[in-house]
Amino acid sequence: MPAKVTFASARPKELRAEATLPSLLDRMLGTWNFKKRFAKKRVAIKMHLGGNVGFSTIHPVFVARTVEAVKNAGGNPFVTDGPSAVESAWRRGYTPQTLGCQLLPVAGAADKYVYSRKVNFRTLKTVELAGNIVDADAMIVLSHGKGHGHSGFGGAIKNIAMGCVDGGTRSKIHRLMSAAFEWDSSKCTGCLLCRDNCPNKAITFKKGKIDIFDHACKYCMHCQLACPQKAITIDQSGYRHFQRGMALTVREALKTFEPGRVLHITLLLNITPFCDCWGFTTPNIVPDVGIVAGEDIVAAETAAIDMIKAENFIEGSLPSPLRRTGSGHLFQQIHGKDPYIQVEECVRLGLGDRKYRLTQIS
Ligand code: SF4
Ligand code: SF4
């Protein structure tokens, strides 16, 4: 039987408040048996609270209603993210007053409160899981669905993999991707042809050393081909390693909860091309879609990615130097990375099934 995924559309069927998303979210949460899932439990609501002047993270209205639903079910919720995002969260409208619960740094104020787990994948030997996640009894993964320069799409998988760990683990997962580039300084003459031929402006030279910004890189190989000295080699599987690293981290984080204690809710609103960690907001690239929720992370993430369609692309919405090239999912066209690979890696680890049964909330 395919996993249940609920969906609330951003397009109201009637012009009254009860037909719009906050009310639909209430009714959606009502279908997930919060009493059984969260009563008498300490519930971590894991979010990406963004940074700096970004204004496209999840609106506090939706967070507050989720908090209220947990409280009404007899649970004890707290909202959590990395220490710097929590510290500046008030700037983006997230406070105990607007949300109705406390905000806690996921691995403590010093980002050192962690539990180590072995994963032994390439250079990622261990992941340091955030203490406030491991100590919680249950979790709501409340994610903003948007593009991501490393994985095509950033939703529940990225929210857990990058956000339920300390900063050091986040860097180690990112380095799985950077390791795909090899630059032989002894061959390089500094002609800058690689930089000038990069269509995505991903290459800079700092003190004579190449620096490739892998959020922007589309693995087009132009730099490797343009280099007359053959000083650059690129292992195209690098971004797969990154996504494998994310999936392994998700597995370790989810393992800390009893079955039935985690719910994934992804808001497909303000769908921008970049991750919220950039600290600024660019235009939406498709119209708002709605909210998906599911217990099976694979099914819920697949449904979320499926709903962002290339045919709904808003012309003129991409900031320079982004542009659409090639075919496949809209985020593959924009970032050169297939957004479903992270999902496939989770399937390979037995975390769920891509088939889903959609129940529309009305
Ligand atoms: S692979 Fe393509 S996008 Fe990436 S750095 Fe080289 S030229 Fe730029
Ligand atoms: S094209 Fe090759 S030789 Fe020229 S700067 Fe780039 S890496 Fe160095």
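Each reported figure results from applying straightforward, stated rules to the coordinates on display, with no laboratory input. Only a predicted model underlies this, so the values are computations on that prediction, with no experimental measurement involved. Every residue, glycine among them, receives a Cβ derived from its backbone with ideal geometry; neighbour counts consider all protein chains shown.
How big is the C-alpha Rg of segment 16-84 next to the rule-of-thumb value 2.2 N^0.38 Å, as a ratio?
Cα Rg divided by the expected 2.2 N^0.38 Å: 1.22.
Report the label-to-label distance for residue 347 and residue 17 in nanometres (one decimal), using points 7 Å from each Cα along the Cα→Cβ vector.
A separation of 4.3 nm, rounded to one decimal place.
With the Cα gyration tensor of the chain in hand, give its eigenvalues times 5 under a square root as the equivalent ellipsoid semi-axes, listed largest first in whole angstrom.
After scaling each eigenvalue by five and taking roots: 35, 23, 19 Å.
Let's test the formula: R0 of 35 Å, r as the Cβ-Cβ distance of residue 325 and residue 126. What FRET efficiency results, to the nearest 0.05?
For residue 325 and residue 126, the calculated efficiency is 0.40.
Kindly rank 29-41, 136-148, 245-257, 99-111 from highest to lowest mean number of other beta carbons found within 10 Å of each residue.
Going by the mean number of other Cβ atoms within 10 Å, highest first, we get 136-148, 245-257, 99-111, 29-41.
Which number do you get for Rg(Cα) / (2.2 N^0.38 Å) in segment 181-234?
For segment 181-234, the normalised Cα radius of gyration is 0.98.
Could you pull out every residue, at least 5 positions away or on a different chain, whose amide H is within less than 5 Å of the one on residue 192? Hs are placed 1.01 Å off N in the peptide plane, and Pro or chain starts have none.
Hits under the 5 Å cutoff: none.
Run the numbers on segment 181-234 and let me know its relative contact order in percent, using alpha-carbon pairs under 8 Å that are six or more apart.
47
Looking at the P(r) of segment 118-237, how many percent of alpha-carbon pairs lie beyond 25 Å?
That fraction is 38 percent.
With the chain treated as a Gaussian network of Cα nodes joined by springs under 10 Å, which of 84, 171, 186 yields the largest mean-square fluctuation?
Judging by the Gaussian network model, the answer is 186.
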